[in-house]
Amino acid sequence: LSERLGGVFDRLTKQGALSDADIDTALREVRVALLEADVSLPVARDFVKRVAAKAAGQQVTKSVTPGQQVVKIVHDELIKILAGDGEPEPLKIDNPPATILMVGLQGSGKTTTTAKLAKRFKDRMGKRVLLASLDTNRPAAMEQLAILAGQVGVDSLPIVKGETAVQIAKRAKIQASMGGYDIVFLDTAGRLHIDQMLMDEIQAVRDIAEPRETLLVVDGLTGQDAVNVATEFDGKVGVTGVVLTRMDGDGRGGAALSMRAVTGKPIRFVGMGEKMDALETFEAERVAGRILGMGDIVALVERAQETFEAEVAERMAKRFAKGLFNMNDLKGQLEQMMKMGGMQGLMGMMPGMGKMAKQAEAAGFDDMMLRRQVALINSMTKRERANPDLLAASRKKRIAAGAGLEVQELNRLLKQHKQMADMMKKMGKGGGMKAAIKQML
Ligand code: GDP
Ligand code: MG
């Protein structure tokens, strides 16, 4: 796949803004990569659409191809979706005993994950944990949980033959309260496929147990089925978080994107093996890199962006420090300002400049003025732009007339240029300039 992508990206070497054709070509390959990573088709399709809208018209960084740029945009967007809005709140385990309901298909890793989580809460937070198996269909499953509980050193609810899942849930709740436990895990039974009986049972258990968290355990290798599983469980019992298991295997973990896109709920943990400590907190960046499988391209674009920004900032700061801020520089600045949404937009981005932006606006320094000033600079000769001090009165008149404006306006521009040049010189010496420029890029 990497080779095929390499080929496509080599062909896309045009610079400037990303064109629709660039985006289409690159996103076709991205879509294939997502499907190969087992992202569900509808999720992949939606995601690609979303990225296409985002990428339209974005600039291509120097020494990067448009295809590579698109991959970087895809990567960033993937992280954004996987991570959601910042850090999720910690699992709700205050007000003991807190019930955590574990749901998912049979074989997804519920029982293993339950024991792993119990160990984690016990070891890291000193919590007293009780485990209860509600898997009434398979006595072996109940014993499996009891054995794992013993292994990680937490208690399990004594097994009573002939009880229903709801009866076990009730008993677990009473036991948790009386025994002074902090957390009680309810490990539910799973079916190989979603069926009504399973869902009815889990709903009944939920209503009795009133879980603080309901964690959906999903095999990370789940492919096209992931959307159904997520929709069903979330719709019927209300999932609060997701655990992806078998992320230690060869799979690329596309189920992560499917889960997140369908439920919108945070992915909390990933299972990284059969051992009891093989459970890690979910890291969006790592999983995004794995799903996309284009880490080297992403790293390349990031490096190019950093280099480019450092170069530009360095070059400008050097010029300004030497007092080299001529009319060409000013023109560049004015044009940049227009591109970035005018004075307001620009100054809003610079720390502490918000007030200045308001003053500037009050003084009539608006986008029309920016345009008039650029017109004035355009009617100067190259030499005049390089050294505006040379301008004689007659030339000033000609320049103003050339731009269709009054001489006063040109004088104002010259004065403003002088002030800015002085300011730039001061800032350049202080070293704050580079930081300010880099922020604007
Ligand atoms: P349940 O039916 O949902 O309770 O699934 P189990 O917890 O019984 O797990 C089924 C199998 O998957 C067991 O053999 C586990 O050891 C294995 N398993 C669970 N989680 C992981 C994981 O993160 N990585 C690997 N490699 N195997 C896992
Ligand atoms: Mg089980």
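Results, tabulated for the structure shown:
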item: Test result for GLU280, more than 16 Å from ligand 2 (Cβ to nearest atom), under 16 Å from GLY253 (Cα atoms) and free of Cβ contacts under 8 Å to residues at least 40 places away in the same chain; result: yes
item: Every residue from region 154-192 that is loosely packed, with under 12 Cβ neighbours inside 10 Å, in a loop (DSSP other than H, G, I, E, B), over 38 Å from the mean Cα position of the chain (by Cα) and not small (Gly, Ala, Ser); result: PRO158, VAL160, LYS161
item: Qualifying residue in region 237-258 (condition: within 15 Å of ligand 1 (Cβ to nearest atom), over 16 Å from LYS110 (Cβ atoms) and acidic (Asp, Glu)); result: yes
item: Residue in region 123-145 that is among the β-branched types (Val, Ile, Thr) and either out of contact with any Leu (no Cβ under 8 Å at 6 or more places or on another chain) or on the phi > 0 side of the Ramachandran plot (or both) present; result: yes
item: Test: residue in region 218-227 that is touching a helix residue (DSSP H, G or I) at 6+ places or on another chain (Cβ under 6 Å), within 16 Å of ligand 2 (Cβ to nearest atom), assigned by TED's automatic domain parsing to the domain that holds ARG252 and among the acidic types (Asp, Glu); result: no
item: Conditions (1) within 15 Å of ligand 2 (Cβ to nearest atom); (2) of a type outside the set (Gly, Ala, Ser); (3) in a helix (DSSP H, G or I); (4) at pLDDT 95 or above; number of the one not met by MET142; result: (4)
item: Conditions (1) in contact (Cβ under 8 Å) with a residue 12 or more places away in the chain; (2) more than 26 Å from GLY235 (Cα to Cα): number failed by ALA140; result: (1)
item: Members of region 84-131 found to be within 12 Å of ligand 2 (Cβ to nearest atom) and in a strand (DSSP E or B), listed by number; result: MET102, VAL103, LEU131
item: Filter result for VAL242 (of a type outside the set (S, T, N, Q), within 22 Å of LEU198 (Cα to Cα) and in contact (Cβ under 8 Å) with a residue 40 or more places away in the chain); result: no
item: Matching residues in region 206-228 - criterion: being within 15 Å of ligand 1 (Cβ to nearest atom) and either at pLDDT 90 or above or surrounded by fewer than 24 Cβ atoms within 10 Å (Cβ to Cβ) (or both); result: THR214, LEU215, LEU216, VAL217, VAL218, ASP219, GLY220, LEU221, ASP225
item: Scan of region 77-114 for residues that are within 16 Å of ligand 1 (Cβ to nearest atom) and hydroxyl-bearing (Ser, Thr, Tyr), ordered by number; result: SER108, THR111, THR112, THR113, THR114
item: Selection from region 376-415 of residues that are closer than 15 Å to LEU330 by Cα, aliphatic (A, V, I, L, M) and in a helix (DSSP H, G or I); result: LEU376, ILE377, ALA386, LEU410, LEU413, LEU414
item: Unique match (being away from ligand 1 (no atom under 16 Å from the Cβ), farther than 23 Å from LEU34 by Cα, acidic (Asp, Glu) and surrounded by fewer than 23 Cβ atoms within 10 Å (Cβ to Cβ)) among ASP195, ASP234; result: ASP234
item: Selection count, region 121-140, where residues are within 13 Å of ligand 1 (Cβ to nearest atom) and surrounded by fewer than 19 Cβ atoms within 10 Å (Cβ to Cβ); result: 3
item: Qualifying position, being within 20 Å of VAL166 (Cα to Cα) and touching a helix residue (DSSP H, G or I) at 6+ places or on another chain (Cβ under 8 Å), among ARG206, ARG260, ARG212, ARG252; result: ARG206
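Here's the yes/no breakdown for (1) at pLDDT 95 or above; (2) under 22 Å from MET247 (Cα atoms); (3) of a type outside the set (A, V, I, L, M):
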site: VAL32; (1), (2), (3): no, yes, no
site: GLU36; (1), (2), (3): no, yes, yes
site: LYS62; (1), (2), (3): no, no, yes
site: LYS72; (1), (2), (3): no, no, yes
site: ASP76; (1), (2), (3): no, yes, yes
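The values are calculated or read from the model by the stated rules, or taken from the named source; none is laboratory data. Quick caveat, the model's predicted, so the values are computed rather than measured. Positions of Cβ are backbone-derived with ideal geometry, glycine not excepted, and every protein chain shown enters the neighbour counts.
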